[in-house]
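A.B. asks: Before I ask anything, let me first share the structure, which is written out below as structure tokens.
The values are calculated or read from the model by the stated rules, or taken from the named source; none is laboratory data. Since the model is a prediction, treat every value here as computed from it, not as a measurement. Quick reminder, even Gly has a Cβ in these numbers, built from the backbone with ideal geometry, and neighbours come from all protein chains shown. Just so you know, the surface numbers come from the protein's heavy atoms only, side chains and all, with ligands and any DNA or RNA stripped out. Shrake-Rupley method; radii C 1.70, N 1.55, O 1.52, S 1.80 Å.
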Amino acid sequence: MRIIDEVKDAKTIAIGGHIRPDGDCVGSVMGLYLYLKKELPGAEIDVYLDKPEDIFDCISRIEEIKSEFNTEKTYDVFVALDTGDDRLGGAEDIYRKAHKKINIDHHISNPGCGDLSIVEPERSSTAELLYDLMDPSMVDEEIAVAIYIGIVHDTGVLRYSNTSPRTLQIVAELIKFGFDFSKIIQETFFEKTYRQTQIMGRAILESVRFMGDKCIVSVVSRRMMEFYRVTSADLDGIVNQLLAVKGVECAIFMYETGTLEYKVSMRSNGRVNVSAVAVKFGGGGHVRAAGCTMNGTCHDNINNLSVEIAEQLKDA
Ligand code: 5GP
Ligand code: MN
């Protein structure tokens, strides 16, 4: 199946992704945008997404993203990438109004929310799935960079178990364009600002193991975020670092988003299905990486999550 067959008659197309867009989301959205611009030069194509982090400025035409969602426009097609309709944020209304809704995603917790839904949980990334819906002869260096960033970010630079032979074949095709992939990895994935490094250090220092040292948790309060002058985007990577502790099966990281409200990130080595845990609390994700938003004190939240995790570890 080719994505172009599903959109070629559209005069107006919108593309969107999830709130707090990560590398896969930004890479997929921009990859599809650049691709459709090339395939359908006569069509009006708009991208709706929360403003991506500056690290993604290496993606061509990223400044064309619209982060104001107040539009009366009804699009012929809306393609929602890397999420269901639950996390489209400000773009949700635009999505609902569109004449044809297409949903392309790889989250196991997403049942599909489009007139056409292509949800493949075994895919490393939405970017990988998207690439296989493109005509490779139409892919150029700029599209390749966007897709590459998507794949690299969701696979932890081709390390996570979601990396398949197909992932690596696609990456091989992409890097043939000759862009400086090593620089892209360093500047978008590994490099951290001083403040990001400081809060990561603090979060790791204050982490606590429990459940016979099989789980680890760390909590960042709003006061801490204000002290280090960081936003939620600066906290990426902390939960992965917690999971790197020897013997830990499941890592939980949460930061305060409001009064008695926390954004929770979970990671697992595979024994615990953290997507199933997150779904119980209204979130979702993948077996080894998932998240949700929880209300209550952080101790209540940890207790509630622990019950679900303990249940799974018991069966394992
Ligand atoms: P992270 O912990 O990096 O924010 O997210 C890990 C994975 O879980 C990502 O694939 C992300 O899309 C998904 N995820 C995180 N939070 C939520 C949430 O609140 N709802 C849903 N459906 N998925 C989430
Ligand atoms: Mn993704």
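A.B. asks: Being open to solvent by less than 20 Å² (accessible area, probe 1.4 Å) and under 22 Å from Ser275 (Cβ atoms) is the filter here, so list the residues in region 193-252 that pass it.
C.D. replies: Passing the criteria: Cys215, Ile216, Val217, Ser218, Leu235, Ile238, Val239, Leu242, Val248, Cys250, Ala251, Ile252.
A.B. asks: Name the residues in region 124-148 that are without any contact (Cβ under 8 Å) to a residue 40 or more places away in the chain and either part of a loop (DSSP other than H, G, I, E, B) or closer than 17 Å to Ala80 by Cα (or both), would you?
C.D. replies: Scanning region 124-148 gives Leu129, Asp132.
A.B. asks: Can you pull out every residue in region 255-283 that is near ligand 1 (Cβ under 10 Å from one of its atoms) and open to solvent by less than 10 Å² (accessible area, probe 1.4 Å)?
C.D. replies: Val264, Met266, Val274, Ser275, Ala278 - these are the residues of region 255-283 that are near ligand 1 (Cβ under 10 Å from one of its atoms) and open to solvent by less than 10 Å² (accessible area, probe 1.4 Å).
A.B. asks: Search region 149-161 for residues that are polar (S, T, N, Q) and pair each with any residue that is open to solvent by less than 30 Å² (accessible area, probe 1.4 Å) when their beta-carbon atoms are under 6 Å apart and the residues are at least 6 apart or on different chains.
C.D. replies: Taking only residues 6 or more apart or on different chains, the pairs are Thr155/Ser124.
A.B. asks: Then there is this: Does any residue in region 55-67 that is hydroxyl-bearing (Ser, Thr, Tyr) come within less than 9 Å, Cβ to Cβ, of a residue that is assigned to a helix (DSSP H, G or I) and open to solvent by less than 20 Å² (accessible area, probe 1.4 Å) six or more places away or on a different chain, and which pairs are these?
C.D. replies: So the pair list comes out as Ser60/Met30; Ser60/Leu34; Ser60/Ile143; Ser60/Val145; Ser60/Ala146.
A.B. asks: Tell me yes or no: at least one residue of region 88-101 is open to solvent by 30 Å² or more (accessible area, probe 1.4 Å) and in a loop (DSSP other than H, G, I, E, B).
C.D. replies: yes
A.B. asks: Quick check on region 135-157. Is at least one of its residues within 25 Å of Gly16 (Cα to Cα), surrounded by fewer than 22 Cβ atoms within 10 Å (Cβ to Cβ) and within 13 Å of ligand 2 (Cβ to nearest atom)?
C.D. replies: Yes: region 135-157 contains one or more residues that are within 25 Å of Gly16 (Cα to Cα), surrounded by fewer than 22 Cβ atoms within 10 Å (Cβ to Cβ) and within 13 Å of ligand 2 (Cβ to nearest atom).
A.B. asks: What residue, among those in region 62-86 that are within 16 Å of ligand 2 (Cβ to nearest atom) and assigned to a loop (DSSP other than H, G, I, E, B), is surrounded by the fewest Cβ atoms within 10 Å (Cβ to Cβ)?
C.D. replies: Only one residue fits best here, namely Gly84.
A.B. asks: Which of the residues belonging to region 48-61 are open to solvent by less than 20 Å² (accessible area, probe 1.4 Å) and part of a loop (DSSP other than H, G, I, E, B)?
C.D. replies: Scanning region 48-61 gives Leu49, Pro52, Ile59.
A.B. asks: Please identify the pairs in which a residue from region 267-284 that is of a type in the set (Lys, Arg) has its Cβ atom under 9 Å from the Cβ atom of a residue that is assigned to a strand (DSSP E or B), counting only partners at least 6 apart or on another chain.
C.D. replies: Arg267/Cys250; Arg267/Ala251; Arg267/Ile252; Arg267/Phe253; Arg267/Ala289; Arg267/Ala290; Arg271/Cys250; Lys280/Cys292
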